[in-house]
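Below is one structure, written out as structure tokens; the observations come after it.
The values are calculated or read from the model by the stated rules, or taken from the named source; none is laboratory data. Since the model is a prediction, treat every value here as computed from it, not as a measurement. Counting neighbours? That spans all protein chains shown, and the Cβs are built from the backbone with ideal geometry, glycine included. We work out accessible area using only protein heavy atoms, side chains counted, and drop any ligands, DNA or RNA first. Shrake-Rupley method; radii C 1.70, N 1.55, O 1.52, S 1.80 Å.
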Amino acid sequence: MASDMAKFTLRADSELLKKFRFVAEFNARSANRELEVLIKKHVAEFEREHGRITFD
């Protein structure tokens, strides 16, 4: 794993997480990769609506 990869802990309802893992498997992804794809899509949508996010 690259050194610039951050770790993130998620607490979620067990049934919701089970369903999420089902969706990830359907998409031939791990739950971690599925979440990363969804986060990227969400950030891209936000930036389309509000402009690019930058950090100083």
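Within segment 28-42, the only residue that satisfies the criterion of being open to solvent by 100 Å² or more (accessible area, probe 1.4 Å) and either polar (S, T, N, Q) or touching a helix residue (DSSP H, G or I) at 6+ places or on another chain (Cβ under 6 Å) (or both) is 32.
Remark: pairs (first residue in segment 37-56, more than 27 Å from residue 27 (Cβ to Cβ) and assigned to a helix (DSSP H, G or I); second residue open to solvent by 100 Å² or more (accessible area, probe 1.4 Å) and modelled with pLDDT of 95 or more; Cβ separation under 7 Å; 6+ apart in sequence or on different chains) are absent. Candidates 45, 25: the one that is open to solvent by less than 100 Å² (accessible area, probe 1.4 Å) and not β-branched (Val, Ile, Thr) is 45. One residue stands out among those in segment 1-36 that are assigned to a helix (DSSP H, G or I) and of a type in the set (D, E, K, R): the one that is nearest to the chain's Cα centre (by Cα), which is 36.
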